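*Asks:* Before we start, here is the structure in question, set down as structure tokens.
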Amino acid sequence: MKKSILSIIGCLIFIGFSIWFIIDPQQFLNFRRQNETTIFIVGIIGLITFSIFLISITYKLFQKNTGIHFKKDGFFDNSNATSAGFVKWEDVLKIDEAKVANQKFVLVMVKNPDDYVKRQKSLVKRKLMASNMSFYESPIMISANHLQINYDKLLELMKSQFEKYNLITT
């Protein structure tokens, strides 16, 4: 909850600066940035990007079933904007780590990654997961940002649950 609120505050600050870039780009001119159009475009991109982040974070904050739920046959991932939904232990090859712009993710390597992308109803979610797959060879990346656990504990928990339940399914 605390991390989500801090993320919302951060998004609001960046949205504010983006709006300022759009409304008054001339104020940001200096010897390195001498083009108002570039500053205006950066403002538009920032406004769109951080508005999407804000909507996603706010949605997850008020969603009742946020998190990860473990079962004998798999786990349900509802941790972030690209949550995979139900992942079968029999599909999981490995639990690994990934880092994106100083943000750590638990990377879940699966046998049939395309199936997890194709089953998503949202086009945006499919595109984001396909992007994850092209860079990290898996569409399933779990963040601790909106969970009540830190990253290191999340990684440890995911690995221990995988070991525990993988023994049952193999």
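*Asks:* Select from M158, P25, A98 the residue farthest towards the positive end of the dipole of the chain; place +1 on Cβ of Lys and Arg, -1 on Cβ of Asp and Glu, and compute about the Cα centre.
*Replies:* Ranked along the dipole, the leading option is M158.
*Asks:* Continuing with the same structure: If you roll a 1.4 Å probe over the chain with all protein chains in place, what percent of the accessible area is carbon or sulfur?
*Replies:* The nonpolar share, carbon plus sulfur, comes to 61 percent.
*Asks:* On full extension of the chain, what length is gained from D73 through N112, given 0.36 nm per residue of separation minus the C-alpha to C-alpha distance?
*Replies:* Here the answer is 12.4 nm.
*Asks:* Moving to a separate point now. Using 0.36 nm per residue of separation minus the Cα-Cα distance, give me the extension gain between Q26 and E156 in nm, one decimal.
*Replies:* Length gained between Q26 and E156: 41.8 nm.
*Asks:* While we're here: State which entries of K127/K153; K94/K153; K2/K88 exceed 24 angstrom in Cα-Cα distance in the structure shown.
*Replies:* In this structure, K127/K153; K2/K88 exceed 24 Å between Cα atoms.
*Asks:* Could you pull out every residue, at least 5 positions away or on a different chain, whose amide H is within less than 5 Å of the one on T82? Hs are placed 1.01 Å off N in the peptide plane, and Pro or chain starts have none.
*Replies:* Sorted by chain and number, the residues that satisfy this come to none at all.
*Asks:* While we're here: What accessible area, in Å² to the nearest ten, does a 1.4 Å probe give for E90?
*Replies:* Number for this one is 100 Å².
*Asks:* Over the stretch 1-48, what relative contact order in percent results from Cα pairs under 8 Å that are six or more residues apart?
*Replies:* The value is 42 percent.
*Asks:* Right, something else. Could you give the accessible area per residue of the chain, probe 1.4 Å, as a whole number in Å²?
*Replies:* With all protein chains present, the chain gives 63 Å² per residue.
*Asks:* Along the Cα→Cβ direction, 7 angstrom out, place labels at E137 and I44. What is the inter-label distance in nm?
*Replies:* 3.9 nm
*Asks:* Still on this structure, I have one more. What's the magnitude of the charge dipole for the chain around its Cα centre, counting Lys and Arg as +1 and Asp and Glu as -1 at the beta-carbon? Answer in Debye, nearest 20.
*Replies:* Here the size comes out at about 300 debye.
*Asks:* When the Karplus curve 6.51 cos²θ - 1.76 cosθ + 1.60 is applied with θ = phi - 60°, which whole-Hz ³J(HN,Hα) does each residue of the stretch 101-114 get, with x for Gly and Pro?
*Replies:* Result, rounded to whole Hz: 6, 6, 10, 8, 10, 7, 9, 9, 7, 10, 5, 10, x, 4.
The values are calculated or read from the model by the stated rules, or taken from the named source; none is laboratory data. Quantities reported herein were computed from a predicted structural model and do not represent experimental measurements. Note that each Cβ is placed from the backbone with ideal geometry, even for glycine, and that neighbours are counted across all protein chains shown. Remember, those area values only see protein heavy atoms, side chains included, never the ligands or the DNA or RNA. Shrake-Rupley method; radii C 1.70, N 1.55, O 1.52, S 1.80 Å.
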